[in-house]
Amino acid sequence: MTTRVLHSVTFKVLGIAFLALLMLIPLAQVNDLIGEREGRAREATAQIAARWGGQQLLGGPVLVVPVRTRQGDAVTTVETLEYLLPDRLAIRANLLPEVRRYGLYDSVVYVAESKIEGRFAAADIVALEGAGREVQWARAELRVPIADVRGIRRVSTLRLGERELAFGPDAAGVAGLAAIAAPLALDAATLPPQLPFAFELALAGSERFAALPLARQTELQVGGAWVDPGFDGAFLPAAHRIDANGFEASWQVLDLNRRIAQRWSERETSGVALADSDFGVSLVRPAGPYQQNVRAGKYGVLFIALTFVAFFLFEVLRGLRVHAVQYLLVGVALCTFYVVLLALSEQIGFAFAYLAAATATVALIGGYAAAVLAQRRAGFVLGGLLALVYALLYGLVASEDYALLMGALALLAAVTALMYLTRRVDWYAMGPTARGA
């Protein structure tokens with residue numbers, strides 16, 4: 001009785017299903033390996049950014065003025081810094097991207113050639129004065145927030161009205177961001193109605209360039225020779241163009257759209273939401289090798305199961321016998337595909353690595369099937385089916401928008417083919433019946 005159960009088709013199917021689930025262990029190890037290699041790639045990207053410049057966030061000049069306020073006793077004074085934003089800010093940046101390598105890994109870097117201009121309204125500046133307030137106009141300065149000041153390659157003087165101001169380092173920054181500063185001694189009584197400013201800046205960065213809406217009306221225009229830009233942040237561009245030569249995009253943000261006050265004190269941090277208000281462009285790279293390896297690994301158990309089913313069908317339809325150990329070896333070979341794919345994709349790119357790994361796996365399993373089943377034709381058929389499966393897998397990995405649809409249709413086709421091929425099988429007698437189709 002026990003022998004009969006062990007040789008039953010139900011026990012065989014359950015054993016094959018168990019082996020397929022057992023393959024989750026090496027597949028999980030492969031996924032861990034992918035995560036480890038991806039972590040090293042991120043470390044390499046961080047190393048490049050540390051030497052070149054990180055993700056950049058740029059704002060326009062912010063007027064910072066010390067103000068002394070008398071307390072209730074009219075004798076004690078407290079000095080705080082007041083921050084005032086421009087009335088208008090326009091940033092025009094041209095990104096010059098390139099790919100830098102660090103060992104096996106690479107990262108996208110750029111130099112942003114930027115022109116920044118705008119104006120302050122004299123009425124806003126004069127409004128800093130008030131009863132019980134002593135504005136220290138002689139100690140005023142303009143601060144330009146920059147996320148990573150190590151990326152500054154060149155900066156011109158700041159033209160403010162008829163004056164030329166030189167930038168220098170600034171230790172205080174703006175709302176937690178690093179900054180460069182230009183000392184500015186003002187005379188509030190002689191200010192013209194508008195105080196225009198302009199300067200130029202060459203800023204090196206990595207992967208992303210963004211701006212802050214630090215004006216009543218902020219305009220940003222960004223362009224560059226990159227065909228895969230990703231527009232992100234708090235605001236999407238009002239207009240953009242992407243073609244084979246690169247991209248151009250423009251934003252327009254009003255003070256009504258943002259969560260940043262036009263004027264604030266250093267003690268009023270609740271109204272300053274710089275981190276939530278940036279917007280810009282990321283130099284996106286189409287799914288990298290690690291992301292593609294992860295996508296391929298997600299279908300690992302499914303394709304192992306389909307391969308096991310193909311072997312089982314040969315057993316049923318041809319009256320052959322395949323041992324559990326042989327199923328296990330085939331499963332191990334299928335898992336090895338992902339390790340070879342990961343190793344080669346770091347060296348020669350994902351597409352060529354996939355072709356090489358798939359070809360080797362198809363040849364290995366096809367040849368093994370021909371030997372195990374003692375039929376050369378069976379080896380060719382199984383090898384062909386496996387090649388078709390790998391071609392389908394590549395389509396799923398390469399397609400971002402239609403991967404789910406393709407996967408669903410492929411699974412439906414596989415189940416349909418399985419039901420069609422086994423429609424005449426008498427699962428009790430393990431042989432074809434005399435009934436017609």
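For the pair residue 275 and residue 324, the difference between a 0.36 nm per residue extended length and the Cα-Cα distance amounts to 11.9 nm.
Among 169-177, 117-125, sorting by the average number of other beta carbon atoms lying within 10 angstrom of each residue, highest first, gives 117-125, 169-177. Residues of the stretch 224-262 falling in the label zone of residue 115, defined by backbone nitrogen less than 19 Å from a point 7 Å along Cα to beta-carbon, are 224-225, 247-252.
Each Cα pair under 8 Å and six or more residues apart adds its sequence gap; the mean of these over the residue count of the stretch 55-285 is a relative contact order of 25 percent.
Summarising the label geometry, the points placed 7 Å from Cα in the beta-carbon direction at residue 190 and residue 348 lie 7.4 nm from one another. Centre-to-centre separation between the Cα atoms of the stretch 17-91 and those of the stretch 121-192: 24 Å. Between residue 171 and residue 159, the modelled labels are 3.4 nm apart [label points 7 Å from Cα along Cα→Cβ].
One decimal place: the segment residue 25-residue 122 gains 28.0 nm when fully extended, by the rule 0.36 nm per residue minus the C-alpha distance. In the stretch 55-285, a dipole from Cβ-located charges (positive for Lys and Arg, negative for Asp and Glu) runs towards its positive end, and of 183, 120, 194 it is 183 whose Cα lies farthest in that direction.
At an R0 of 60 angstrom, the distance between the Cβ atoms of residue 18 and residue 225 translates into a FRET efficiency of 0.65. Expressed to the nearest 5 percent, the antiparallel share of DSSP beta bridges inside the stretch 55-285 is 90 percent.
Sites listed here are chymotrypsin sites (Phe, Trp or Tyr not before Pro) in the stretch 149-254 whose DSSP assignment is loop and whose Cβ has at most 14 other Cβ atoms within 10 Å, and the list is empty.
Electrostatic tally near residue 35: other residues with Cβ closer than 15 Å to its Cβ, Lys and Arg +1, Asp and Glu -1, net 0.
Extension gain, residue 71 to residue 50: 0.36 nm times the residue separation minus the Cα-Cα distance gives 3.0 nm.
Quick note: the coordinates plus some simple rules give every number you see, no bench work behind them. This is a predicted model, so every value here is computed, not measured. Note: ideal-geometry Cβ built from the backbone for every residue, glycine included; neighbour counts use all protein chains shown.
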